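Q: I'd like to ask you about the structure that follows.
Read the figures in this text as sums done on the coordinates, not as results from a lab. Given the structure is predicted, the values throughout are model-derived calculations rather than measurements. We place every Cβ from the backbone using ideal geometry, glycine too, and count neighbours over all the protein chains shown.
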Amino acid sequence: MKDTAARAPRFYVDAALRAGGTCILPEDAAHHAVHVLRVRAGDPITLFDGRGGEFAARVAAIERLRIRVDVLEHHAIERESPLRVVLVQGVSSGERMDFAVRKAVELGVAEIRPVLAAASVARPKGERAAARHVHWQRVAIAACEQCGRNRVPAVHPMVNAAEYRESGEGTRILLSPRADLALSKVRIERAVTIAAGRRRDSMPRRKPPFWKAASCRPSSVRASCGPRPRRSPRSPRSARCGETFS
């Protein structure tokens, strides 16, 4: 079956789609479609709902920012990595965290778990923390629309590093420029959890909570992406681009 990702704009719809039905694009997606992509009635688009595969669709009508779409055909296309990667990311401020989330999604990460590490400058609480969580999930959705993934990775609510509890299976890796073991030498099979943060978080005098939680496991290692310390958003990208994760 021919891949449609490169032929039509892609939009996420947070509702179960079915071939032969109709739907209304979310307001944010409609704004982007009309004012950025210049979509017109009759144009082909691609929809996905995160439940697997994608749908060929056509714009039926546009009334200001209300776009009605005819859902035509389901294509059982998946672009997920066979390696399940969970990223435990130290929260950084502003666009740097957006960059980390976006690139992690584009590189195939399955879950993102933001943690407030000791060196995190941005420390939102209450409504601000909830708003950041919603924002980062939207960043993840936008990244899926751009890169062709049909399953949206979960961005979990941020927690303090001391409250983090590991989950999942596979190898646990703490990225640290002080580590003697190169990341490319770590043996990984089907799942891995990677902890990345600011330089002060990856070179602590005391073991960070992630490492304390995982150190009892034989599959837990401290590894380095290379001799040059990387700024926080680039660490997970460097790890995911390594030969280990190909």
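Q: Which peptide among 159-166, 44-51, 29-36 comes first, and what is the full order, when sorted by highest mean count of other Cβ atoms within 10 Å?
A: 44-51, 29-36, 159-166
Q: Under 5 Å between amide H atoms, partner at least 5 residues away or on a different chain: which partners does Ala195 have, H built in plane at 1.01 Å?
A: Val88, Ile173, Leu174, Leu175
Q: If the chain between Arg40 and Ser184 were fully stretched, how many nm would it gain, using 0.36 nm times the residue separation less the Cα-Cα distance?
A: 47.1 nm
Q: Pairs of alpha-carbon atoms within less than 8 angstrom and 6+ residues apart define the contacts here; what relative contact order does segment 10-75 have, in percent?
A: Here the relative contact order equals 40 percent.
Q: What list of ³J(HN,Hα) values in whole Hz, one per residue of segment 89-100 in order, does the Karplus curve 6.51 cos²θ - 1.76 cosθ + 1.60 (θ = phi - 60°) give from phi, with Gly and Pro shown as x?
A: With coefficients 6.51, -1.76 and 1.60, one gets 10, x, 5, 10, 8, x, 5, 5, 6, 4, 4, 4 Hz.
Q: Something else now. Go through segment 130-144 residue by residue and turn each phi into a ³J(HN,Hα) via Karplus (6.51, -1.76, 1.60, θ = phi - 60°); whole Hz please, and just put x for glycine and proline.
A: The phi angles translate into 5, 5, 5, 4, 4, 4, 5, 5, 5, 4, 5, 4, 4, 5, 5 Hz.
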